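So the structure is just underneath, and the comments pick up after that.
The values are calculated or read from the model by the stated rules, or taken from the named source; none is laboratory data. As the structure is a prediction and not an experimental result, all values here were calculated from the model. Cβ placement follows ideal geometry from the backbone for every residue including glycine, while neighbour counts extend to all protein chains displayed.
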Amino acid sequence: MELEFYGAAREVTGSCHILRVGGRTVLLDCGLFQGKRSDADAKNRTLPVPIGEIDAVVLSHAHIDHAGRLPFLVAQGYDRTIWATPATRDLCALMLADSAHIQEQDAKHLTRHGKPYVPPLYAMRDAVRVQELMVGIPYNKPFDVVPGVRVTYVDAGHILGSASVMVDCSENGASCRLVFSADVGRYGLPIIRDPRAPEGADVVVMESTYGDRDHQPVEDMRARLGAVISATAARGGRVMIPAFAVGRTQEIIYDLHILAREKRIPAIPIYVDSPLAIGTTDVFELHPDLFDQTEEFVREVAELFRFDLVHYTRDVSESKALNSQHGPMIIIAASGMAESGRIVHHLANGVGDPRNTVLIVGFQAEHTLGRRIVEKRPMLNILGEQHPLRAEVVVLNGYSAHADRTELARWLGEVRAKSPALREVHLVHGEPAAQDALRERLTANGYRVDAPEPRTRITL
C-alpha cells in the first residue's frame, strides 16, 4: 500500500494523489494546474499515470484545481467510475463544461487578435462524458471503490458538497486509514456548515494553503464589504470582484443581501456576470439540506440569493453592455483568480479608472492576474495588452473558504483527539513558505510532519 504525491505538492494547484493498493490504482482528485500559462499547460497535458492503470477516481469537491483535469482523463480514454458527493456531481456538470467553453473561447479570441495561444486541453464532449461516469455518494456513507479500498466522505465545510476523504486501505492482512483533508473550510462561514473532523486516522494528508497566516475574522467581513462598496459608490466608481463561481459568489451575494436589507449600502445595481455562477447558484438552491441551519438568515429567508438589487446576466450582450453603463455598480464575475472568464474583460475595461475598486476576496496563486493585482503591479498584461493599474485594490481575505493556520491546527487537533493511532501528517496544497511555517508549528505541537516534493512515495 503506497501513496504518491503528484499534484499540489509544494504548490497550491493541480491537486492529485495516487493511491496504490493490492495492484489497483486510485486517484484522489485530478485538478487543473494554474499559474504561469506555459508551465501550467505542460503540466496539464502530462498524465499522472498511464490511463490504463487508473481503476477509479475519488473526487473531494468541484473546484477546478481539484476536478479540472477529469475531462482530460476522459479525452485520453478513461472510462471508469468517478466518485463524488451529490452536490459535487451537480456542480461539476456546470464547472467542467464552463472550463471547456472558456478554453475554446479564449483560443478563438486570441486567434482573432493575432495573439499566441495554446490549444484547448479538452472539448465540451469530454466534460459531458465525465458526468456519465460520476456516481454521487452522500456524507458519512462508506462505499467500496476497488477491492481493498473503502471510502467515506466527511463534510469539509469548504464549499457546497466539499468533503474530506477517509480511505480505509487493506492488503495482505495489513490495514491503514488514510485521511485526505482536501480543502478544509473556515469555522463560521455563511451558508454552509462548519468542517467536521474525520476519526481513526493513521496517516493524514492535509492542505496548507494558508499555513503561514491567520485570516481577518469572519464576523468582520460583512461590515468591511459594506465600507468598500459605500466608499467606491461615493466617488462614482464600480466595484469589480473576481470571485470563484462556487461558494465565494454565493457568500458575497448573501452578505450583500443582508447589507441591503439593513440599508448599510447604497441602492446600486449588483451584477452577477457569470453564467457559471448563475448556474451554481441554482445548484445551491437545489441543496438546502446542506445549509447551516444555525444561521438566523438561513432559517428565516426563503430566497437567499434573490433580491431587488441583484441582476443575473447570462448573455454576452448583457455583459458587454455593462462596459458602457455609467454610475456606481458592483460586478461579480469568475474566474476567482482572474485568469479567464468575463472578469478579465471587466478588468481590462476598468483597472485604469481611479474611481473603481478591484476587490479581492480569495486566494490568488503565483503567476495569476489576480496575484499581480494583489501585488499592485503598475502595469497589467490583460488579454495580451498592457493596462495601467489605477483602480484601488482592496483585499478581504476573511472571505477565504480555506482554513487559516489556526483553523488548520484546530481541525488537525480534532482529528488527533479521535485518532489514537495517528502516525504522521503530510502537508500538500500550499506554497513552500506556507508549508514550512505550518510544519514548524505542528512539529512544535508534537506531530510528525513533512511536506513532500512531487513524485514522493510513502508506504502506508
Residue check for residue 409: among the small types (Gly, Ala, Ser), touching a residue at least 12 places away in the same chain (Cβ under 8 Å), under 22 Å from residue 433 (Cα atoms) and outside the structural domain of residue 232 (by TED's automatic domain parsing) = yes
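So that you can scan it fast, the table gives a plain yes or no per residue for (1) in contact (Cβ under 8 Å) with a residue 12 or more places away in the chain; (2) of a type in the set (S, T, N, Q); (3) buried (at least 21 other Cβ atoms within 10 Å of the Cβ):
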{"site": "249", "(1), (2), (3)": "yes, yes, yes"}
{"site": "256", "(1), (2), (3)": "yes, no, yes"}
{"site": "259", "(1), (2), (3)": "yes, no, no"}
{"site": "266", "(1), (2), (3)": "yes, no, no"}
{"site": "270", "(1), (2), (3)": "yes, no, yes"}
{"site": "278", "(1), (2), (3)": "yes, no, no"}
query = Among (1) out of contact with any helix residue (DSSP H, G or I) (no Cβ under 7 Å at 6 or more places or on another chain); (2) more than 30 Å from residue 264 (Cβ to Cβ), which single condition is residue 230 missing?
reply = (2)
task = State whether the residues of segment 384-396 include one that is in contact (Cβ under 8 Å) with a residue 12 or more places away in the chain and within 16 Å of residue 213 (Cα to Cα).
result = yes
task = Taking the options 188, 148, 157, name whichever one is at pLDDT below 95 and at positive phi.
result = 188
ask   = Does residue 152 satisfy the criteria of being hydroxyl-bearing (Ser, Thr, Tyr), over 30 Å from residue 303 (Cβ atoms) and in a helix (DSSP H, G or I)?
value = no
query = Just a yes or no: is a residue in segment 95-113 assigned by TED's automatic domain parsing to the domain that holds residue 135 and on the phi > 0 side of the Ramachandran plot?
reply = no
message = Quick check on segment 306-318. Is at least one of its residues surrounded by 19 or more Cβ atoms within 10 Å (Cβ to Cβ) and of a type in the set (A, V, I, L, M)?
response = no
note = Expected single match for farther than 27 Å from residue 32 by Cβ and assigned by TED's automatic domain parsing to the domain that holds residue 417 among 125, 150, 129, 186 is 150
request  = All but one of (1) under 18 Å from residue 257 (Cα atoms); (2) modelled with pLDDT of 95 or more hold for residue 286, so report the exception by its number.
outcome  = (1)
message = Looking at segment 127-145, I want the residues that are surrounded by fewer than 19 Cβ atoms within 10 Å (Cβ to Cβ) and have a partner that is β-branched (Val, Ile, Thr) and in a loop (DSSP other than H, G, I, E, B) with Cβ atoms under 7 Å, at least 6 apart or on another chain. Which pairs are those?
response = 133/81; 135/81; 136/85; 138/85; 139/85; 143/137
key: Count of residues meeting criterion [of a type outside the set (D, E, K, R) and touching a helix residue (DSSP H, G or I) at 6+ places or on another chain (Cβ under 6 Å)] in segment 342-358   = 3
inquiry  = Consider segment 346-368. How many of its residues are touching a residue at least 40 places away in the same chain (Cβ under 8 Å) and either crowded, with 19+ Cβ neighbours inside 10 Å or not assigned by TED's automatic domain parsing to the domain that holds residue 256 (or both)?
reply    = 14
request  = Among the residues of segment 12-41, count how many are crowded, with 21+ Cβ neighbours inside 10 Å, hydroxyl-bearing (Ser, Thr, Tyr) and over 24 Å from residue 146 (Cα atoms).
outcome  = 1
Candidate set: segment 178-195, residues that are small (Gly, Ala, Ser) and under 17 Å from the mean Cα position of the chain (by Cα); chosen: the one nearest to residue 156 (Cα to Cα) = 185
inquiry  = Condition first: exposed (fewer than 13 other Cβ atoms within 10 Å of the Cβ), on the phi < 0 side of the Ramachandran plot and without any contact (Cβ under 8 Å) to a residue 24 or more places away in the chain. Now tell me which residues in segment 443-460 satisfy that.
reply    = 444
query = Looking at segment 196-288, what helices (runs of 4 or more DSSP H) fall wholly within it and have at least 3 residues that are in the same structural domain as residue 330 (by TED's automatic domain parsing), β-branched (Val, Ile, Thr) and within 24 Å of the chain's Cα centre (by Cα)?
reply = 248-261, 275-286
ask   = For segment 422-448, how many residues meet the condition of being of a type in the set (Gly, Ala, Ser) and under 20 Å from residue 7 (Cβ atoms)?
value = 3
